[in-house]
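Right, one structure below, let's go through it.
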Amino acid sequence: MPSGELQQQVMEENSIYPREIVIYGRIIPKIYQLLSSIGDVSVISPLCLATASAPKQMLVFEDACEQGYQMIDRRYGLDLDHARLVMVKIAKLHACSTIVYEEDRALFDLTMEGCISDDPKKQTFLPYYRRCVRQVMRLVAEWNKKDGRWDQILRKLEKLQDKIIPYGCDVYRRRDDSFNVLNHNDLWINNLLFSSGEGTGVKDVLLLDYQLAYFGSPGVDLNFFLYGSLRPELYHTTLRSTLEQLHYAGTIPTLPDIHVEIIRKGFHRVNAVFQQMPIAMMERSEDVDMDLLLGEGDPSEACRRELFDNPRYVSVLPALLQEFDQSGYLD
């Protein structure tokens, strides 16, 4: 996506490059040391060869494509085999990160605040969430004119415009008495590279882009990635096994504990469906001008209308809205 002034401002407000430099340069190497200590040779992300903060901020990576990794078509989502690989990798990242945090908490300073924040210095992106709600309202109003069945949800969406930012802040409000991990926090198909084994089977996955990484409840990553696709049992089995092998001194969360975290951070499902899903389903997201998408005025409004009017998105939205309503996320 082309980068403009608004997008650059969002990146600066959220310390995008400094955060990634710390994660790739210092945290992930420590995670590999932990995995190696238990005989686990898993690779979490492409190898970062070099980082620089001046005169220009940049990270240089190995070419994972040379090792057979590639992106898959984001428009159609992941099948079960691909999703299982992601769950195993994210569980290992989560398990090791909580141990690294206990050993060196200062490494995580840039990950302690989420991308939805009441910090007055981090507000550039937030109006987009309200604009996404308005686009969903527009679609629901059109459906309601046809059959009159959407009055209740439409009224709730009207109120949600003013609540979505406080609710989003709650998602990123960390409880220090709970199990906390380094969340990737942007876990969707465009940030994943897959390799295939013999035949057509998928073999491995690498995680890309830790620009929004956040230290907090694992429910953040699990809701964003898993909603409607996979139960968390595989994640929990890998998380528990990795923590046990590393002799984690804290309390290892049970599967019901993980369920509680998913429910507690459940509003993040709404964020994923309203803000991320339209982009994931569009035909050519690489052509989107992010400044136009985030901005005000008629051209920006037309850009968002085109994004949300995608028939693929419109076809799945009604069932999701009904489920959100029944779960209380629109109240």
Among helices (runs of 4 or more DSSP H) completely within segment 1-55, the ones holding 2 or more residues that are small (Gly, Ala, Ser), outside the structural domain of LYS122 (by TED's automatic domain parsing) and within 23 Å of CYS96 (Cβ to Cβ) are 28-37
Flagged in segment 244-286 as part of a helix (DSSP H, G or I), of a type in the set (Val, Ile, Thr) and over 18 Å from PRO311 (Cα atoms), in numbering order, are ILE258, VAL260, ILE262, ILE263, VAL270
Among ASP177, ASP162, ASP170, ASP151, the single one that is more than 30 Å from VAL314 (Cβ to Cβ) and either among the polar types (S, T, N, Q) or surrounded by fewer than 18 Cβ atoms within 10 Å (Cβ to Cβ) (or both) is ASP177
Only listed residue being within 19 Å of VAL220 (Cα to Cα), at pLDDT below 90 and out of contact with any Pro (no Cβ under 6 Å at 6 or more places or on another chain), chosen from ILE116, ILE90, ILE165, ILE99: ILE116
Could you list, in sequence order, the residues of segment 39-60 that are at pLDDT 90 or above and basic (Lys, Arg)? none
Could you grab me the full set of residues in segment 106-118 that are assigned to a helix (DSSP H, G or I) and touching a strand residue (DSSP E or B) at 6+ places or on another chain (Cβ under 9 Å)? PHE108, THR111
Take the conditions surrounded by fewer than 16 Cβ atoms within 10 Å (Cβ to Cβ), outside the structural domain of LEU59 (by TED's automatic domain parsing) and more than 14 Å from LEU78 (Cβ to Cβ) and apply them to ASP221. Does it pass? no
I'd like to verify a number: residues in segment 71-88 that are outside any loop (DSSP other than H, G, I, E, B) and surrounded by 11 or more Cβ atoms within 10 Å (Cβ to Cβ), how many? 11
Residues to consider are ARG174, ARG131; find the one that is of a type in the set (Lys, Arg) and part of a helix (DSSP H, G or I). ARG131
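The values are calculated or read from the model by the stated rules, or taken from the named source; none is laboratory data. Keep in mind that this is a model prediction, so the values were computed, not measured. Neighbour counts run over all protein chains shown; Cβ positions are idealised from the backbone, glycine included.
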